[in-house]
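Down below is the structure, laid out as structure tokens.
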Amino acid sequence: MILEALNYAGTYWKTAPEFRPHIRYSVNLWARANRCAKAWEEHEENCKRFMLSTASKLKQRRTAVILGSGLLRDVPWRQLAAVFDTLVLVDLVHLSSMRMTLYGRKYRNVVLNSRDLSGYDALKTGGAFEPLSFLRQVPYLDLVISANLLSQIGTGARHRMEQEGASGSLEDTLHRLIQAHVDGLSGLPCKVCLLTDTRFDIIDKIGKVHQQEDLLHGVLVPKVVQQWDWPVAPFGEESRDYQIIHKVVASEVR
């Protein structure tokens, strides 16, 4: 708890006020990732290999953008920073623990960008709804990676709608937000890959599935080339009697 408190405090003043409510979630995720490091290792390595494989196909490596950079556990940022002129990490929150790793090693070509990638506010107010339009202003863009972000767009929007008592169809809103991200990626003029969990299963010790949930609310991921299981909550994390397994896909969108 002390380490979590220190990470929270160190992140607070480095985070824009509108994004500070999200710090608690990021710190909790950081703590869970540390507890479940062994169970998550294969998933994280699969993600890194896929991203590096995608990057290796490029003739030019000027600017790469990671959408949903998060804890950087599943992103091969050191290798990407070594081969790209500029590496841009985009997320709501960049924890102080991650900032210390980056800047303590003087990665001068790594840029942090704090941004809500969901498009929820624009959709809610009826404004222009292109959550990834900012990427058109990124110079010399050669690679965009959506890194285990897509399902979180739906999860975050569901939480906000429930908090705000928002009117309208929950499922329709979540579907539109998730589809907009996929469409935005598909419309980019550079190399694009997407990694995301698509559903989760709650499974007991004898292998019986007690619950399944579609995390993408009916949206289909195009051009899937790999898939694997990610034990987000292994036995003992949330219960001794069941585990929660997320199904992950890796896509070469463009």
Given the pairs Lys106/Lys223; Lys48/Lys106; Lys14/Lys57; Lys59/Lys223; Lys14/Lys247; Lys191/Lys247, which are separated by over 32 angstrom at their Cα positions? Lys106/Lys223; Lys14/Lys57; Lys14/Lys247
For the chain, give the percent of accessible area contributed by carbon and sulfur heavy atoms, probe 1.4 Å, rounded to a whole number. 51
Provide the net charge surrounding Leu112, with neighbours chosen by a C-beta distance below 11 Å and charges set as Lys +1, Arg +1, Asp -1, Glu -1. +2
Between Thr155, Thr11, Thr125, find the one with the highest GNM mean-square fluctuation for the chain; connect C-alpha pairs within less than 10 Å. Thr125
Reach of Lys124 by Cα under 13 Å, taken over aspartates and glutamates that are not fewer than 8 positions away in the same chain: Glu164, Asp172
Cβ-derived FRET efficiency at R0 25 Å, Gln211 paired with Leu170, nearest 0.05: 0.85
Cβ neighbours within 10 Å, averaged per peptide: list 237-248, 73-84, 202-213 in order, most packed at the top. 73-84, 237-248, 202-213
Computed FRET efficiency, Cβ-Cβ of Arg108 and Phe129, R0 41 Å: what is it to the nearest 0.05? 0.70
If I model a spin label as a point 7 Å beyond the Cα along the Cα-Cβ vector, how far apart are those points for Ser186 and Arg62 in nm? 2.7
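Share of antiparallel DSSP beta bridges in the chain, in percent to the nearest 5? Intermediate results must be reported in sequence, preceding the final value.
Numbers: 23 of 43 bridges.
Expressed as a percentage, antiparallel bridges in the chain total about 55.
By how many nm would the segment from Glu237 to Ala5 lengthen if fully extended, with 0.36 nm per residue of separation less the alpha-carbon distance? Mind dumping the intermediate values first?
Details: separation 232, 0.36 × 232 = 83.52 nm, distance 2.05 nm.
Additional length available on full extension: 81.5 nm.
Across the chain, how large is the tail of the calculated P(r) beyond 30 Å, expressed as a percent of all Cα pairs?
On the way: 8417 of 32131 pairs.
Result for the distance tail: 26 percent.
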Kirkwood hydrodynamic radius for the range 92-195: how many Å is it when counted over pairs of different Cα atoms? 15.4
Fully extended contour minus Cα-Cα distance, from Val83 to Asn28, at 0.36 nm per residue: 16.6 nm
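Please compute the alpha carbon radius of gyration of the range 1-132, then divide it by the globular-protein estimate 2.2 N^0.38 Å. Two decimals is fine. It would help to have the intermediate numbers written out before the result.
Working: Rg = 15.9 Å, N = 132, 2.2 N^0.38 = 14.1 Å.
Compared with the compact-globule rule of thumb, the range 1-132 sits at 1.13.
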Yeah, the range 150-196 with a ≥ b ≥ c from its alpha-carbon gyration tensor (a/c under 1.5 is rounded, else prolate when a/b outruns b/c, oblate otherwise) is prolate
Calculated from DSSP H runs of 4 or more alone, at -39500 (n - 2.57) each and per residue, what is the 222 nm mean residue ellipticity of the chain, nearest 500? -12000 deg cm²/dmol
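The values are calculated or read from the model by the stated rules, or taken from the named source; none is laboratory data. Here the structure is a predicted model, which means the values were calculated and not measured. Cβ atoms come from the backbone with ideal geometry, glycine included; neighbour counts cover every protein chain shown. For the accessible areas, the whole protein counts, side chains as well, though only heavy atoms, and no ligand, DNA or RNA atoms are used. Shrake-Rupley method; radii C 1.70, N 1.55, O 1.52, S 1.80 Å.
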